[in-house]
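Colleague: First the structure, which I've put down as structure tokens, then a few questions once you've had a look.
The values are calculated or read from the model by the stated rules, or taken from the named source; none is laboratory data. None of the values given here were measured: they were computed from a predicted structure. Because the Cβ atoms are built from the backbone with ideal geometry, glycine has one as well, and the counts that use them run over all protein chains shown.
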Amino acid sequence: MTEDVLSESGALGVPAVVIHGGAGEFGRVSSPDQLARLEEDLSDALETAWEVLGAGGSAIDCVIEAVACMEASGNFNCGRGAVATSQGTVETDAAVMDGMSGSFGAICAATWPESPVRAARAVLALGGPAEGPILLAGAGADRFCERAGLAPRVAASLCGEGVAPISRSGTVGAVAVDREGHLATATSTGGRLGKLPGRVGDSPIAGAGTWADDRSVAVSATGEGESFLVAGFAHRVDWRVTEGASLAVALGDALGSVRSRGGHGGAIVLARDGCFAVAFDTFAMARGWRSKSGSTIRPLRPDNDGRPGARV
Ligand code: ASP
């Protein structure tokens, strides 16, 4: 099913952070209570991110903390709330990229880490792409996380709270620009509900779901990852901005390429001057942004008020 592309853009100034909690076609929110929880989680993530930026912290620390906060909530399809594969297992993907150095780190199809984004950061610290690997998968990623001393994931069934994400399409991401004008991005997901074990989407792939370069933009995407992968989504956004397109036009073009390959979803993009854009073609995309002038949180489309039964 196809919705029109909803596009939002503006100038936040520097520093600034923009987050998303996933784009989806279906049942993100089924009650006012769930909507309130989603808004609270987005607000917590924005405030956590802002604490880092407000204290003069780096963009990369900011995006890690924002995403780790949403991973810990259990209400998104990532970290603690990650959805199951067709075998009932959980396999997570996450990536982080530093726009200043071009360093990238990611894990995919990993079962070990409680915080996949922190695992991605540990991979980034190996020095890639110049010095080391940038992407670790499956059993190798798990071994790496264990040896790095990263906390293991507690299975939802062991949490005692019946953890289930509000949305099975609740991938999360953050893009930030710090006081020095450096960009960073991070994305974390459980992938698609019922996916084949070993399936990997766009989120942990540089230039597909996750990308940051101080010379252009920081991007984090969400949606049907196969189409974002084939479209080279985030590289397309970068390329169009480098050619002179506005952020909103670049996002719209790249999303068009995803749609032409049968996929739907959305993304957030931020430039060094604090200008940002958000676009999505799904019924809902949880999103928010924070700058010196305050925060904005928008879980749904403007034409969708989130009443139970509303098309979200
Ligand atoms: N893009 C993610 C994936 O395909 C899923 C999502 O964003 O909902 O793994």
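Colleague: Need pairs with beta-carbon distance below 9 Å; first residue of a type in the set (Phe, Trp, Tyr) and within the stretch 119-134, second not in a loop (DSSP other than H, G, I, E, B); sequence gap 6+ or separate chains.
Modeller: Matching pairs, first to second residue: none at all.
Colleague: Which residue is modelled with the highest pLDDT, if the candidates are limited to the stretch 258-270 and must be in contact with a His (Cβ under 8 Å, 6 or more places away or on another chain) and within 10 Å of the ligand (Cβ to nearest atom)?
Modeller: Looking at the filtered set, the residue picked out is Ala267.
Colleague: Read through the list (1) in a helix (DSSP H, G or I); (2) at pLDDT below 95, then give the number of the only condition that Ala164 fails.
Modeller: (1)
Colleague: OK, next. Residue pairs, Cβ under 6 Å, 6 or more apart or interchain, first in the stretch 270-287 and touching a residue at least 60 places away in the same chain (Cβ under 8 Å), second among the aromatic types (Phe, Trp, Tyr). List them.
Modeller: Leu270/Phe276
Colleague: Could you list all residues from the stretch 175-203 that are more than 17 Å from Gly81 (Cα to Cα), in contact with a Cys (Cβ under 8 Å, 6 or more places away or on another chain) and within 14 Å of the ligand (Cβ to nearest atom)?
Modeller: Passing the criteria: only Val200.
Colleague: For the stretch 47-159, which helices (runs of 4 or more DSSP H) that fit wholly inside it have 2 or more residues that are in contact with a strand residue (DSSP E or B) (Cβ under 7 Å, 6 or more places away or on another chain) and buried (at least 19 other Cβ atoms within 10 Å of the Cβ)?
Modeller: Of the helices (runs of 4 or more DSSP H) lying wholly inside the stretch 47-159, those with at least 2 residues that are in contact with a strand residue (DSSP E or B) (Cβ under 7 Å, 6 or more places away or on another chain) and buried (at least 19 other Cβ atoms within 10 Å of the Cβ) span 59-73, 116-124, 138-147.
Colleague: Under the condition of being modelled with pLDDT of 95 or more, within 16 Å of the ligand (Cβ to nearest atom) and touching a Pro at 6+ places or on another chain (Cβ under 9 Å), which residue from the stretch 55-77 is farthest from Ser43 (Cα to Cα)?
Modeller: Here the residue is Glu71.
Colleague: A follow-up question, please. Can you tell me which residue in the stretch 204-257 is surrounded by the most Cβ atoms within 10 Å (Cβ to Cβ), limited to those that are within 15 Å of the ligand (Cβ to nearest atom) and assigned to a loop (DSSP other than H, G, I, E, B)?
Modeller: Filtering first and then ranking leaves Pro204.
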